[in-house]
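Note sheet for the following structure.
The values are calculated or read from the model by the stated rules, or taken from the named source; none is laboratory data. Only a predicted model underlies this, so the values are computations on that prediction, with no experimental measurement involved. Glycine also receives a Cβ, built like all others from the backbone with ideal geometry; neighbour counts cover every protein chain displayed.
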């Protein structure tokens, strides 16, 4: 069991530490770039605190259970080049490996989808390294790749995903609902029947 809440400045070292720890997995071995915790902390804390100066909304949520941070998600309105419709960007999503597959990421994304939809956003935009394990996760939620860019000195390919917020919320709710359904004795929980 976990609870979601907005992150405060005092949470940022732990939140950014999670990003730094997950970074090698995101890069899938395609870059040797190492993130510096102090630099990342400075960047993301400033990013969090300067939203009004940039006429932006920046929401940062954490999932907490038994006194520990299990995962975090950051979101902000997109630049017009990323989504001509009103949209928001998932700027970061990191979950402790031992808490993956338990609904933490789905709940964090759902919270951002709800908040940004209330603010008028219609789409979500996600940048994810092409070879990152998270790409399959975003496809499963109904996201489609709209472009591929290259980032970092090694020109690592980055997929740009887009999805309708209402469609993605429905996918998330269906997945979460199916998790809580009991498996009947004659059904195999991983077999789709195809």
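Here's a check for you: in segment 26-46, which residue that is crowded, with 17+ Cβ neighbours inside 10 Å and out of contact with any helix residue (DSSP H, G or I) (no Cβ under 6 Å at 6 or more places or on another chain) is modelled with the lowest pLDDT?
Of everything passing the filter in segment 26-46, 31 is modelled with the lowest pLDDT.
If I filter segment 158-181 down to residues being surrounded by 13 or more Cβ atoms within 10 Å (Cβ to Cβ) and either modelled with pLDDT under 90 or out of contact with any helix residue (DSSP H, G or I) (no Cβ under 9 Å at 6 or more places or on another chain) (or both), which single residue comes out as nearest to residue 131 (Cα to Cα)?
Ranking the candidates gives 158 first.
Among the residues that make up segment 16-25, is at least one of them loosely packed, with under 14 Cβ neighbours inside 10 Å and on the phi < 0 side of the Ramachandran plot? Break it down into steps so the answer makes sense when it comes.
The first filter runs over segment 16-25 and keeps only residues loosely packed, with under 14 Cβ neighbours inside 10 Å, leaving none.
No, that holds for no residue.
Residues to consider are 145, 72; find the one that is farther than 21 Å from residue 2 by Cα and part of a strand (DSSP E or B). I'd like the intermediate steps shown before the answer.
Numbers: 72 fails: farther than 21 Å from residue 2 by Cα.
Just one listed residue meets the conditions, 145.
Might you check whether a residue that is buried (at least 22 other Cβ atoms within 10 Å of the Cβ), modelled with pLDDT of 95 or more and either farther than 15 Å from residue 161 by Cα or under 9 Å from the mean Cα position of the chain (by Cα) (or both) occurs anywhere in segment 117-124?
no
State whether one or more residues within segment 75-90 are touching a helix residue (DSSP H, G or I) at 6+ places or on another chain (Cβ under 8 Å) and part of a loop (DSSP other than H, G, I, E, B).
No, every residue in segment 75-90 fails to be touching a helix residue (DSSP H, G or I) at 6+ places or on another chain (Cβ under 8 Å) and part of a loop (DSSP other than H, G, I, E, B).
Report yes if some residue within segment 47-54 is in contact with a strand residue (DSSP E or B) (Cβ under 6 Å, 6 or more places away or on another chain), in contact (Cβ under 8 Å) with a residue 12 or more places away in the chain, closer than 26 Å to residue 136 by Cβ and not in a helix (DSSP H, G or I); otherwise report no.
Looking through segment 47-54, none of the residues is in contact with a strand residue (DSSP E or B) (Cβ under 6 Å, 6 or more places away or on another chain), in contact (Cβ under 8 Å) with a residue 12 or more places away in the chain, closer than 26 Å to residue 136 by Cβ and not in a helix (DSSP H, G or I).
For segment 137-156, name all the residues that are more than 20 Å from residue 94 (Cβ to Cβ) and surrounded by fewer than 13 Cβ atoms within 10 Å (Cβ to Cβ).
Narrowing segment 137-156 to residues more than 20 Å from residue 94 (Cβ to Cβ): 142, 144-150, 153-155.
Scanning segment 137-156 gives 144, 147, 148, 149, 150, 153, 154, 155.
Of the residues in segment 1-15, how many are surrounded by 16 or more Cβ atoms within 10 Å (Cβ to Cβ) and assigned to a helix (DSSP H, G or I)? Talk me through it step by step, then tell me what you get.
Filtering segment 1-15 down to residues surrounded by 16 or more Cβ atoms within 10 Å (Cβ to Cβ) leaves 2, 4, 7, 11-12, 15.
Then keep just the ones that are assigned to a helix (DSSP H, G or I); that gives 11-12, 15.
Total satisfying the criteria: 3.
For segment 60-75, which residues satisfy the criterion of being surrounded by fewer than 20 Cβ atoms within 10 Å (Cβ to Cβ) and touching a strand residue (DSSP E or B) at 6+ places or on another chain (Cβ under 9 Å)?
Taking segment 60-75 first, the residues surrounded by fewer than 20 Cβ atoms within 10 Å (Cβ to Cβ) are 64-68.
Matches in segment 60-75: 64, 65.
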